[in-house]
Amino acid sequence: MEAVHSQAGEAVVSVTVDSPERMQDLGRRVAALLGPGDLVLLTGELGAGKTTLTRGLGEGLGVRGAVTSPTFVIARVHPSLVGGPALVHVDAYRLGGGLDEMEDLDLDVSLPESVVVVEWGDGKVEDLSDDRLHVVIARAVGHEEVLDDVREVTVRGIGSRWDADALERLVEPA
C-alpha cells in the first residue's frame, strides 16, 4: 500500500517494501530528490534497513566507496564520482547528547554542499535544517515467515522544500 498526503507544513508518503533490494531501490528514488544541503533523518530499530536504504542513496547519488554502517566510526564521507554532492553518512546511535555533541562532527559545515544522512538522529540534529526528510522504517506486523523482509516506510518532508508532488515520485509505478 502506498499513499501520499499533506498535513500542516508536512508532506507524507508511505511505501511498503518487501525485500532488501526494494529498500535499496527506494533509496535510489529518494536520492533523485536530493541535492546539496539536504538533511535526511533515518529512524528504525536495529536491522530495519536504514543502512540498506542509505546504500541505495549512495548509488543514486553516484558516490565513491561502499556505503556501510558507520556505527563504530560515527560518520563516513563518500565523495561524488559524478560531480554531485558528497554523501555524509552519520550513525548517532552511540551519541547520547543532542546537537552539542553532534557539533564535533561539523555537520553544519558539511551540510550546505553535501547530502547528510543521520541514522538515529531523532532529537539530535533537527536544528541543522528547517527543511528535512524524516524516514521511519518499521517492520510489518504479521506472520513472521511471510513478513520478515516487509517494511513499512514513511517519509515525511518537513519544511517548505518538500511537498506532496515531490514525495509522490517515491511511489513505485503500478
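The values are calculated or read from the model by the stated rules, or taken from the named source; none is laboratory data. Every value quoted in this text rests on a predicted model; they were computed, and no experiment measured them. A quick note on method: Cβ atoms are made from the backbone with ideal geometry, for glycine too, and the neighbour counts reach across all protein chains shown. We work out accessible area using only protein heavy atoms, side chains counted, and drop any ligands, DNA or RNA first. Shrake-Rupley method; radii C 1.70, N 1.55, O 1.52, S 1.80 Å.
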Flagged in the stretch 30-47 as in contact with a helix residue (DSSP H, G or I) (Cβ under 9 Å, 6 or more places away or on another chain), more than 14 Å from LEU87 (Cα to Cα) and in a loop (DSSP other than H, G, I, E, B), in numbering order, are GLY44
Scan the stretch 75-93 for residues that are open to solvent by 10 Å² or more (accessible area, probe 1.4 Å), modelled with pLDDT of 80 or more and either assigned to a loop (DSSP other than H, G, I, E, B) or in contact with an Asp or Glu (Cβ under 6 Å, 6 or more places away or on another chain) (or both) and jot them down. PRO79, LEU81, VAL82, GLY83, GLY84, PRO85
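One line per residue, one yes/no per condition, for (1) more than 16 Å from THR154 (Cβ to Cβ); (2) modelled with pLDDT of 95 or more:
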position: ALA3; (1), (2): no, no
position: GLU10; (1), (2): no, no
position: THR16; (1), (2): no, no
position: VAL30; (1), (2): no, yes
position: GLY37; (1), (2): yes, no
Options VAL30, VAL63: the member that is buried (at least 19 other Cβ atoms within 10 Å of the Cβ), without any contact (Cβ under 8 Å) to a residue 40 or more places away in the chain, at negative phi and aliphatic (A, V, I, L, M): VAL63
Report yes if GLY58 is crowded, with 22+ Cβ neighbours inside 10 Å, under 23 Å from THR154 (Cβ atoms) and of a type outside the set (Asp, Glu), otherwise no. yes
